[in-house]
Amino acid sequence: MNVASTIARARRHVRLARQNDCTVGLVPTMGALHAGHASLIETARENCVFLAVSIFVNPSQFGPNEDYENYPRPMEKDLELCRQLDVDMVFAPSANEMYPEKNLTWIQVEQLCENLCGASRPTHFRGVTTVCAKLFNIIQPDYAFFGQKDAQQSILIRKMVKDLNMPLEIVVCPTIREKDGLAISSRNKYLTPDQRKDAPLLYQSLQKAQQLIQSGQKDPDKIRREMEAVLKKSAQINIEYLEIVNPDTLEPLEILTGPALIAIAARLGQARLIDNIITNKP
Ligand code: AMP
C-alpha cells in the first residue's frame, strides 16, 4: 500500500494505475476509521481495481466552536486497517498541502445546504463540497463512495457532480450500526457510558416512524410527535432537528405519498449525533 502525503505523489500513483486501464475508486474520510468506513472500503474494493482512501480532517468544514482541534487522528491504526482491507493508496495530506493559501474558491450547492444540518452549521457543507471537489480533481476517480449515515452530504455531493458534469459516479452505502442500533460514528467516543445507553433511542425513533408509515400513517406531524415521544424517554437527549423531507430536494413533506428522508440530529452531552432512514424507496 502506498501512502501519499502530497498531491503530486498521489497523482503519480493514480497515473500509473490509469496506464493499466484500472477502474479507480475513492473513499473520502476524515480518518478515525471504524466499521462504517470499513464497509465503504470493502464495497469499493469489490468494484474498483485501484482503490484510494483519503484521510483528511478538513478544517474548512468545521465551524469556529467545533471539534477540529480535538478530532481524533489515530493515523497508524487507520493505515493498518487500510492495509488489512487491501487499499492501494492512502492519500493523507496536511492542511497546508490542501490549503496552501487562503481559499477563495468555494463550491456551494444552494438550497440543499441550508436546512437540516446546514441550519446549525452554516459553512459546513460548502467546506464538504469544496474539499470533495478538490479530492475528485486530485484523484480523478471513476467512483466515489459515501455513507447513507450522512444523508444530506451524499445528496449534496450527487447534485454537485451532476450540476458540474464531474466525470464520476457517487455510490451511497448503507449505514452500519452497533448491535443496539446506534449508527457508528467517530464522535460516539464523546459519549459518557450513561449517554451511550440512551443513544440508541435515535434509531428507535426512526424505527417507530418506519412502523407508523408501514401501517399507513401519512401525516408527518403525527409521525414526528410519536418520534419525539420515543426520544423523550431520555432527559439527556436534546433534539436539534427532526425532519421528514423529500430525499431529492430536502423540502419538508406535507403528506407522505412517496419516498421520505426522515432525519434527526440531537445532542447528548458533548456529542452531536445524526441518523436517518429513507422510507418508501421505489
Ligand atoms: P467521515 O470520516 O465521518 O467524514 O466519514 C467518511 C465517510 O464514511 C462518509 O461518507 C460517511 O457517511 C461514512 N460513514 C461514517 N459513518 C458511517 C456508518 N456508520 N455507516 C456507513 N457509512 C459511514
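Put in line by how crowded their Cβ is, counting other Cβ atoms within 10 Å and starting with the fewest, L26, L104, L168 read L104, L168, L26. Kirkwood radius for region 39-118, taken over all pairs of different Cα atoms as the inverse mean of 1/r, rounds to 15.3 Å.
Here the Gaussian network model covers the chain, with springs between Cα atoms less than 10 Å apart; of N103, N246, N115, N103 fluctuates the most. Over region 98-208, all Cα pairs binned in 10 Å intervals from 0 give whole-percent P(r) values of 12, 36, 33, 16, 3, listed from short to long. Pairs of alpha carbons in region 23-158 separated by more than 19 Å make up 51% of all such pairs. For region 64-161, the set of trypsin sites (Lys or Arg not before Pro) satisfying both a DSSP loop assignment and a count of at most 13 other C-beta atoms within 10 Å is given as K102. Here the translational diffusion coefficient of region 158-218 follows from Stokes-Einstein with Rh set to the Kirkwood radius across Cα pairs; for 10 °C and 1.306 mPa s it amounts to 108 µm²/s. Cα centroid separation, region 48-101 to region 221-282: 29 Å. Among the chymotrypsin sites (Phe, Trp or Tyr not before Pro) found in region 47-129, those both in a DSSP coil and sparsely packed, with 13 or fewer other Cβ atoms within 10 Å of their Cβ, are W106.
Placing unit charges on C-beta atoms (Lys and Arg positive, Asp and Glu negative, everything else neutral), compute the dipole magnitude of region 2-173 about its Cα centre in debye, rounded to 20. Dipole about the Cα centre, nearest 20: 340 debye. Annotation: amide H of G63 has no partner in the under-5 Å range at sequence separation 5 or more or interchain, hydrogens built in the peptide plane.
Placing unit charges on the Cβ atoms of the charged side chains and taking the dipole of region 186-279 about its Cα centre, the candidate lying farthest along the positive direction among I223, L253, S205 is S205. Rg/Rh, computed from the Cα trace of region 186-279 with Rh as the Kirkwood radius, has the value 0.99.
Calculated over region 1-61, the projected area of the Cα convex hull averaged across directions stands at 4.7 nm².
Between R12 and L164, the contour length at 0.36 nm per residue exceeds the Cα-Cα span by 52.2 nm. Here K222 is the anchor, and the lysines within straight C-alpha reach of less than 30 Å, apart from those fewer than 8 places off in the same chain, are K149, K179, K197, K208, K232, K233, K281.
Between I255 and E114, the contour length at 0.36 nm per residue exceeds the Cα-Cα span by 48.6 nm. Convex hull of alpha carbon positions in the chain: directionally averaged projected area 15.0 nm².
Which is the longest part of the chain that has none of the GluC sites (Glu not before Pro) sitting in a DSSP loop with at most 10 other Cβ atoms within 10 Å? The answer is 111-282. Is the shape of region 89-156 best called rounded, prolate or oblate, per the rule: a/c under 1.5 gives rounded, else a/b larger than b/c gives prolate, else oblate, with a ≥ b ≥ c the square roots of the Cα gyration tensor eigenvalues? Judged from the Cα gyration tensor, region 89-156 comes out oblate (a/c at least 1.5, b/c at or above a/b).
All alpha carbon pair distances within region 218-261 were sorted into 5 Å bins beginning at 0; the resulting P(r) in whole percents reads 5, 22, 26, 20, 15, 9, 2.
Any read-out appearing in this document is the output of simple, stated calculations on the displayed coordinates, not a laboratory observation. All values derive from a computational prediction rather than experimental measurement. Glycine also receives a Cβ, built like all others from the backbone with ideal geometry; neighbour counts cover every protein chain displayed.
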